Structure formats: C-alpha cells, structure tokens
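A.B. asks: To start, I am sharing the structure in question, which I have written as structure tokens.
The values are calculated or read from the model by the stated rules, or taken from the named source; none is laboratory data. Here the structure is a predicted model, which is why all the values come from computation and not from measurement. Note that each Cβ is placed from the backbone with ideal geometry, even for glycine, and that neighbours are counted across all protein chains shown. SASA here: full protein model, heavy atoms, side chains in, ligands and nucleic acids out. Shrake-Rupley method; radii C 1.70, N 1.55, O 1.52, S 1.80 Å.
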Amino acid sequence: MLARCMILVAIALTACDFNGDKAGPLGGSLTVGGQVVDFQTGAALDVAASVSTSGLEPAPKVTSQGADFTIEGIPENSAFQILASAPPSHRATFSQAVIVTSSDLDGVKAPAVSEMFLSSLAAAFQVTPSAAKGVVFVHLVDDAGKARSGVAATNLTITGAKGPYFLDANMMPAAAANTSSNSGWVVFFEVPVGTVSLGQPAGATVTLDMAVSPLNAGTVTIADAKVSDGAPKLPSNVSFAAQIVPIFATRGCTACHSGGGIGKDLGGLTLDGPSSKIYKELVEERPNTRVRISSPETSLVLTMPSRESPPDGHPNVTFTGPLDPDYLKLLVWIREGAKEN
C-alpha cells in the first residue's frame, strides 16, 4: 500500500496550467531525508549511492553522503519516485511512490536491488533479461498494508512483460508457484520502458491499485499494489459543487491556480472562488480541452496532474493512478456529462 507522507516547502518552481503552457512560479518547498537500502535485507548500503527523483519538474536539489540523502524543493501535494543506485553492486531502482502533502519527511528508505539477487531470480525463472527493458517488483498488500497471499497469476498482468513470477515467504524464487505467498512479492521481467501499471483483466476476482510508475531501460521499479476483493467500485451521481470542487483545495491545486495565491493564477486557470466560477474555468472557458466529454480520460484536468510518458510538463504528479479516489470522482463526473450540479 502506498505510504502517504507529509512535507512542507517555500521555493519557486516552474509550472504549467491545464493547457500545457508554461506559466508562473509554483510555491511550496518540502524536504525529504532518508537512506538507500538493500532491497532484500533492508540494511543501509555500505557504499556511496546516487539518488535522483522522477515525477517532479524541475528536479529538486539532492545531496547525498554514503547511503544518506536529502531532497529539497519538493512541491506540496506531490507523488514521486526516488531513483537510487550503487553500481556495480546494485542496479538503478525506482522506489515505491512517495506521497507528500504539507510536512517535511525523514527516515525514507529508498531500495536498490542487488545485481546478485537479480541474477539469481533470472536463473531460477529461466529468463534472459535484455538491456533495452526493465524489471518490476510488485508488493501485493491489503488495506492495512500487510502482505496479501493467495492472489492468482491470472489477476496479474503488465502489458508486454514476462511474468508474473512469485517469491516465497523468504523472498526466494518460487518457480512453480501460481499464487502469491505470505511475502506478497511478485516479479515481472522484460517490461517495456516508459510508465508501468498493473492491468485489470476482465473477470478478475480482485482490484489492484498500483501507482503508475516510471521504468527506464536496464532499471528496476518497485511498487506497492493494494489488493481489494471484487471489481473496482466507481462513484455515481457525482456532484460538482459537493464532490468535485473540494478536490482542488484538498489536493493543493487551489493554492497555485488562484489569482490571490502563490501561483498567481497560473496560465489563466483559476480554481478558487464559487463553484460557478470554477465550473466556467474548467468547462466553458476552453471547451473540449480541460474537460472532454467525448473522451473523458483525455481531459487535461485528469492528464496534467497524472504521470505520463513523456512527461507533460506539469511540475508534479497529484494522482498516483487511475484508481485514485479523486481521479475517479473527476472521471465519473465527466462521463456523466460534466454537469454544473
């Protein structure tokens, strides 16, 4: 399950509005500190590690010493991944999503997968990894964040990848397994680069909520996936005034997209004031752009705050994926006709 973290900041960053145009400065600046650790043991690496981030634009300032790192200049209400590596012993590895809201965070563990462990898994699962693709480790967890066992392979898909392959309770390869063990870990090899997420196959007995995550050629991505029984549950009869408008304040959008806020009314998009004003900005001011009733998933109000490949220029990622509760409210509201209700 994604660990929701809190953080606070005061630095100006470049931003975009929901038209994709460059706009004024984005306020807010938080600091995250932690260590790069070995994926298997959880112990801090005893060698110098390099650290960067994915999902923030421009990239925040990173300082590191040994396994310790500090990341400064993170916008409030952001979701991002840490990329940690320590060659030649450990492969460059993207962490699970770190979600920050309004407070600094310390003690973050950024895992790096050892080359020895990767080689042992490839041998056990009889896979020959190529340099042009990547590896994804998914941790299946329940609502409380505890490892979820018994999830069938038929529920687990990543388009174009080889797998799923399961790890046993001791994090060792279970070549004959077709369901998750008490560890909850599953591995995919030969995953196409770009952004990666778990599919929702038709007839699946569970819903898998995993953040859309980055993957580069020759790298590893680690992600948590919350497992819920049954099909995804969508909201219905979504009210613009009661359910949509509050999203912009709680997710930090209003603070930047406001004529009186730090963002100085970024790119002409204002998300404060009465709901009638916000509705006009989203739906009427630029028809079929910020809100697209004919193709709701392509509405900029959904795509700009989401992770895309290539990145769309929005300074941060707000919605971790298409099952984010606020994303779903917006999506269903648009599907229902984007009414001013």
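A.B. asks: Take the solvent-accessible surface of the protein heavy atoms, probe 1.4 Å, and return the percent of it on segment 192-311 that carbon and sulfur atoms account for.
C.D. replies: So the carbon and sulfur contribution to the accessible surface is 55 percent.
A.B. asks: Which sequence of M210, M116, M172 reflects their accessible areas, 1.4 Å probe, from the largest down?
C.D. replies: Descending accessible area places them as M116, M172, M210.
A.B. asks: Using the alpha-carbon atoms, what tilt in degrees (0 to 90, nearest 10) does helix 115-124 show relative to the longest principal axis of the chain?
C.D. replies: It is inclined by approximately 70 degrees.
A.B. asks: How much length would be gained if the chain were fully extended between E336 and E285, taking 0.36 nm per residue of separation minus their Cα-Cα distance, in nm to one decimal?
C.D. replies: Result: 16.4 nm gained on full extension.
A.B. asks: Measuring from label point to label point, each 7 Å out along Cα→Cβ, what is the D106 to A144 span in nm?
C.D. replies: It is 3.0 nm.
A.B. asks: Relative contact order for the chain: what is it in percent, counting Cα pairs under 8 Å that are at least 6 residues apart?
C.D. replies: Relative contact order, the chain: 19 percent.
A.B. asks: Right, another one. May I ask for the equivalent-ellipsoid semi-axes of segment 201-243, computed as the square root of five times each C-alpha gyration tensor eigenvalue and listed largest first in whole Å?
C.D. replies: In descending order, the three semi-axes are 29, 17, 9 Å.
A.B. asks: Just to confirm the number: angle between the C-alpha axis of helix 325-335 and the first principal axis of the chain, 0 to 90 degrees, nearest 10?
C.D. replies: 50 degrees
A.B. asks: What percent antiparallel are the DSSP beta bridges of the chain, to the nearest 5?
C.D. replies: Roughly 75 percent of the DSSP beta bridges within the chain come out antiparallel.
A.B. asks: Under 28 Å between alpha carbons, and skipping anything fewer than 8 positions from K162 in its own chain: which lysines qualify?
C.D. replies: Cross-link targets: K109, K133, K146, K226.
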